[in-house]
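Bear in mind these aren't lab numbers, they're just calculated from the coordinates by the rules spelled out. None of the values given here were measured: they were computed from a predicted structure. Every residue, glycine among them, receives a Cβ derived from its backbone with ideal geometry; neighbour counts consider all protein chains shown.
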């Protein structure tokens, strides 16, 4: 199997930004598993499928026509980047991701992304469940208030109205749901490099991870 670096963590920890940057830096493939679950959550909402309708959700997951192309997420050939980055889509993703049958249906789909020269995969269970044999595992975290502030600024920059207090509440509720789900709960994988990004810049977080990459893959010249 091609080498894999996993970067897990809660929403707003910076894992998506760091993972995409690292994949570009190394010239490796990139898997945004959050986009996968967000897109499934969006599709479920469009089709009127509830989280307790397991058979219907599994059918949607198995027949998901999803592509990552030129930096965009395409559902049925149409970009859904803006829609899946909404708080509503994030909460929908958290709910469908808590269904064990859905996670099993999507497991092989995600593992197929591990191709030469290598893969950087971000999510919540990449290092613990999807790629337990990954050469490097990273777990990013940050305080809920800081993660809410980051999300608030992102939404404001895009012209969306948002409540900082409301975002803190949503993040705390989602963290609780993700940590306590029966399958693949959110937690740091064994032997993971844990980085608290609360008081760190993106460059500082990236530099810490790059040290581990250079130690593990000295021939890359990272």
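Please work out the Cα convex hull volume for the chain and give it in Å³ per residue. Mind showing how you got there, number by number?
Numbers: hull volume 26.7 nm³, N = 222.
Spelled out: Cα convex hull of the chain, divided by residues, is 120 Å³.
In Å³ and rounded to a whole number, note down the convex hull volume per residue for the Cα atoms of the range 116-166. The partial results should precede the final answer.
On the way: hull volume 6.1 nm³, N = 51.
Convex hull volume per residue, Cα atoms: 120 Å³.
When you take every Cα atom in the range 16-133, what is the radius of gyration, and what is Dmax, the widest Cα pair distance, in Å?
Values for the range 16-133 (Cα only, Rg and Dmax): 13.8, 41 Å.
Express the relative contact order of the range 4-213 as a whole percentage, based on alpha carbon pairs under 8 Å and six or more residues apart in sequence.
Relative contact order for the range 4-213 comes out at 33 percent.
Given axes a ≥ b ≥ c from the Cα gyration tensor, I'd like to know whether the range 94-191 is rounded (a/c under 1.5), prolate (a/b larger than b/c) or oblate.
Working: a/c = 1.99, a/b = 1.67, b/c = 1.19.
It comes out prolate by the Cα gyration axes.
Between rounded, prolate and oblate, where does the range 42-99 land on the alpha carbon gyration tensor, with a ≥ b ≥ c its root eigenvalues, rounded for a/c under 1.5, else prolate if a/b exceeds b/c? Write out the running numbers ahead of the final one.
On the way: a/c = 2.24, a/b = 1.45, b/c = 1.54.
Oblate shape, in that a/c is at least 1.5 and b/c is the bigger or equal ratio.
Order of 126-136, 147-157 by packing, highest average Cβ count within 10 Å first?
On the way: 126-136: 20.9, 147-157: 16.8.
Ranked by mean Cβ neighbours within 10 Å, highest first: 126-136, 147-157.
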